[in-house]
Amino acid sequence: MNFYKELELILQTKSPKEKIRRFNDFYAHYKAGNAVFETEYKAKKFSEPSYSVTCKTVLPQDVPKRTNLTTKEGQVNLLHAIAHIEYSAIDLALDGAYRFTNMPKKYYDDWLEVADDEIRHFLLLEELLHELGSKYGDVEVHNALFEASQRTQTLLERMAVVPRYLEANGLDATPMILQKIQRMPKNTMLEKITHALHVILDEEVSHVKKGDVWFEYACEKEGVNKDVYFEIIDKYYPQGFLRPKNLNLEARKAAGFTCNELNIMAKKEVC
């Protein structure tokens, strides 16, 4: 099995069901030691996300709001928004394994494991959407995560932007959603959503940690200090750290962020 060629085919697969089937087959061969890493393989730059046929894309500010989570519409909008993040994260993990060649095998082990986790998260959320009479593709989505993958074409920038910024932001956002749900009248669907969010939050910490490990690896290869992280984020997200956030300090520390980094993000001493 040709490693990069197979990943390229999976990344370009439009149907979520077919993409997951192809990945599962690929991953089984990979874990069995049947993958051949082609030499001098040149990765493609994709012009559109794989979900372009499934989902209608709009600007981020035009994505439907999930203001009232006590309603079916609000629950569908929330679940769909998170499902889209998880589906996009499948491709982000696969693209990380596909785009950066001649890396240690542990690098590919890590990002294929992340892709496998993201698929499980997506299917968990998709099942809840089905319970509500909806499905992935029923709600408009944005392309922000796909665009991030296309703009970051070096390992250093990819590891800084995707796991250590975008995915790490989820470590902060998910507890805020959970707190909002806790203040609402209890019902079965909200309990199921709460369970799904806890599963995702717990496992995303390890994803960000993997990004931290390979960000440090890239820093060493480039001969730069880890502080370059803030320069990279400012390049792509100039307002990314303008306001102090509700930082999930324990999760971020477990994922590899230093107290110095957290203090800079919070604009005060928090650890």
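Bear in mind these aren't lab numbers, they're just calculated from the coordinates by the rules spelled out. What you are looking at is a predicted structure, and each value in this text was computed from that prediction instead of being measured. Note that we place each Cβ from the backbone using ideal geometry, even for glycine, and neighbour counts take in every protein chain shown.
A few points about this structure:
- Calculated [222 nm] ellipticity per residue, helices only, for the chain: -20500 deg cm²/dmol; basis is -39500 (n - 2.57) per DSSP H run with n ≥ 4, divided by all residues, nearest 500.
- As a proxy for reagent exposure, ranking Val139, Val76, Val36, Val213 by other Cβ atoms within 10 Å from fewest up yields Val36, Val213, Val76, Val139.
- Taking amide H as placed 1.01 Å from N in the peptide plane, the amide H of Thr57 sits under 5 Å from that of Val141, each at least 5 places away or on another chain.
- Shape call, region 3-266: gyration tensor on alpha carbons, a/c limit 1.5: oblate
- Tensor-based shape of region 171-243 (alpha-carbon gyration tensor, a/c under 1.5 rounded, otherwise prolate or oblate): oblate
- Label-to-label distance, nm, for residues given as Cys259 and Lys56 (7 Å Cα→Cβ offset): 5.2
- Distance violations [Cα-Cα > 30 Å] among Lys105/Lys226; Lys45/Lys180; Lys186/Lys209; Lys65/Lys105; Lys45/Lys209; Lys14/Lys210: Lys45/Lys180; Lys186/Lys209; Lys65/Lys105
- Legend: ranking of residues Asp202, Asp117 from fewest to most surrounding C-beta atoms inside 10 Å; resulting order Asp202, Asp117.
- Comparing Phe241, Phe100, Phe257 in a Gaussian network model of the chain where C-alpha atoms under 10 Å apart are linked, the largest mean-square fluctuation is found at Phe241.
- At most 16 other Cβ within 10 Å, DSSP loop - trypsin sites (Lys or Arg not before Pro), region 91-160: Lys135
- Cβ crowding within 10 Å ranks Lys5, Lys45, Lys209 as Lys45, Lys5, Lys209, fewest other Cβ atoms first.
- For Lys17, the lysines whose Cα falls under 17 Å of its own Cα, not counting residues fewer than eight places away in the same chain, are Lys135.
- Residue-wise HN-Hα couplings along region 161-177, as the Karplus relation 6.51 cos²θ - 1.76 cosθ + 1.60 with θ = phi - 60° gives them from phi, are 7, 7, x, 8, 10, 5, 6, 5, 4, x, 5, 7, 6, 4, x, 5, 5 Hz; Gly and Pro carry x.
- Short-range pairs are left out: with C-alpha atoms under 8 Å and at least six residues apart, the relative contact order of region 1-159 is 30 percent.
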